[in-house]
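Taking it in order: structure first as structure tokens, then the write-up.
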Amino acid sequence: MLDTIKKYHEEVTQFKASKADKIEKFRIKFIGSKGIIKSLFADFKDVANDQKKAVGQALNELKNLATDKVATLTESIENQESGNTIYGDLTRPAAPVELGSRHPISIVKNKIVEIFSRIGYIVSEGPEIEDDWHNFSALNLPEHHPARDMQDTFFIEKNPDLLLRTHTSSVQVRYMENHEPPIRTISPGRVFRNEDISARSHCIFHQVEGLYIDTDVSFADLKQTLLYFTKELFGKSKIRLRPSFFPFTEPSAEVDIYWGLETETDYRITKGTGWLEIMGCGMVDPNVLKNAGIDPKKYTGFAFGMGIERIAMLLYQIPDIRMFYENDVKFLEQFKAVQ
Ligand code: DAH
């Protein structure tokens, strides 16, 4: 019997298989319930007493050998199979998901909207292709008015009444036409001007327009609102209003914030004055209210408008406006932390 066991021992040692059905056949042949090892154990009782120890040992070894063989072969084909599927090894850690970042223009726009929404302003939007009425005439800029030249306009060739809006002030007209006071609205959007592209200006850029209409709105309300805004956005609490001219507001002003003169950059960007111009504003001209269907005897209001690029350039010290539109990932990636 020992010889038989030795022969099987040899057979088990030599056995190789890379297919599951072959391994299964092998398993049934040796360690199945009607397999070789079972029947050898059944024959064990007939073994002469003096051989029982040696035969018993050899039998146990054969059983362990066959069991281990089946286990290792099965494991190896399982590994192979999972590694060969189109998904590769399903137990491996997932590849990291690349996170994008918001565009700095969106970041600043969202900040501005958020600051005004805290004091009750609602976002409104208007079309980028605008008609003459909403972009100019209703805003107190009648045809042939010299102030139209302040904003070089892209006209739609086939229809001279249509143009690419030169400012978001067009949205205030639309909003007033469709809403009753009290009005508090903020209108972010893209605007277009036929200007040469340089480090300071571009033919496409973004503005935010603000409008507040109610009974008894005063210039003091305007100043306090803008002071709140500059404190929240820049952390600067000193502003000044310089008299200026816009056809749609009377009186009109330019808003400067006191930026300070702490660094060399402060000197450069404020031209040594410490002051920076950040927006235009004023009390809505009664003519504009009338054009948009609001009774100027009953209501007054203020408006303001600012360029988002300019504010983003100040906040993040971006030296060239063209960087916003180049889509250079190395530039855009830097804003991951500030969304
Ligand atoms: N629309 C002006 C521009 O594009 C900005 C502006 C100034 C808007 C004064 C206003 C305002 O609402 O009151 O230059």
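Quick note: the coordinates plus some simple rules give every number you see, no bench work behind them. Since we're looking at a predicted model, the values are computed, not measured. Note that each Cβ is placed from the backbone with ideal geometry, even for glycine, and that neighbours are counted across all protein chains shown.
Partners of Lys52 within straight-line reach, counting lysines whose Cα lies under 22 Å from its Cα and excluding those fewer than 8 residues away in the same chain: Lys6, Lys7, Lys38, Lys63. Phi angles across the stretch 312-318 convert, under the Karplus curve 6.51 cos²θ - 1.76 cosθ + 1.60 with θ = phi - 60°, into 3J(HN,Hα) values of 5, 5, 6, 5, 10, 6, 9 Hz, Gly and Pro given as x. Close Lys pairs in the stretch 153-309, defined as Cα atoms under 29 Å apart and 8 or more places apart or on different chains, number 11. Spatial offset of the stretch 288-306 relative to the stretch 186-264 amounts to 18 Å, using the alpha carbon center of each.
As a proxy for reagent exposure, ranking Asp295, Asp46, Asp214, Asp285 by other Cβ atoms within 10 Å from fewest up yields Asp46, Asp295, Asp214, Asp285. Would you please give the FRET efficiency between Asp266 and Asp89, computed as 1/(1 + (r/R0)^6) with r the Cβ-Cβ distance and R0 = 45 Å, to the nearest 0.05? After rounding, the FRET efficiency stands at 0.20.
As a check on your grasp of the helix formula, calculate [θ] at 222 nm for the chain: sum -39500 (n - 2.57) over DSSP H runs of n ≥ 4, divide by the residue count, round to the nearest 500. Roughly -12000 deg cm²/dmol at 222 nm, from the helical runs in the chain. Extension gain, Lys297 to Phe154, is 47.9 nm, computed as 0.36 nm per intervening residue step minus the present C-alpha separation. Annotation: for a label point projected 7 angstrom from Cα along Cα→Cβ of Val97, residues of the stretch 295-338 with backbone N closer than 18 Å are 336-337. Taking only Cα atoms, what is the 0 to 90° angle, nearest 10, from helix 20-31's long axis to the longest principal axis of the chain? Rounded to the nearest ten degrees, it is 40. Under the criterion of Cα pairs below 8 Å and six or more residues apart, the relative contact order for the chain equals 16 percent.
Among Trp275, Trp133, the order by Cβ neighbours within 10 angstrom, fewest to most, reads Trp133, Trp275. Sorted fewest first by neighbouring Cβ atoms within 10 angstrom, Tyr212, Tyr228 come out as Tyr228, Tyr212. Relative to one another, the C-alpha centroids of the stretch 1-72 and the stretch 109-152 are positioned 91 Å apart. Solvent-free Debye calculation, one equal scatterer per alpha-carbon of the stretch 104-338: log10 I(q)/I(0) at 0.11, 0.17, 0.18 Å⁻¹ equals -0.57, -1.37, -1.50.
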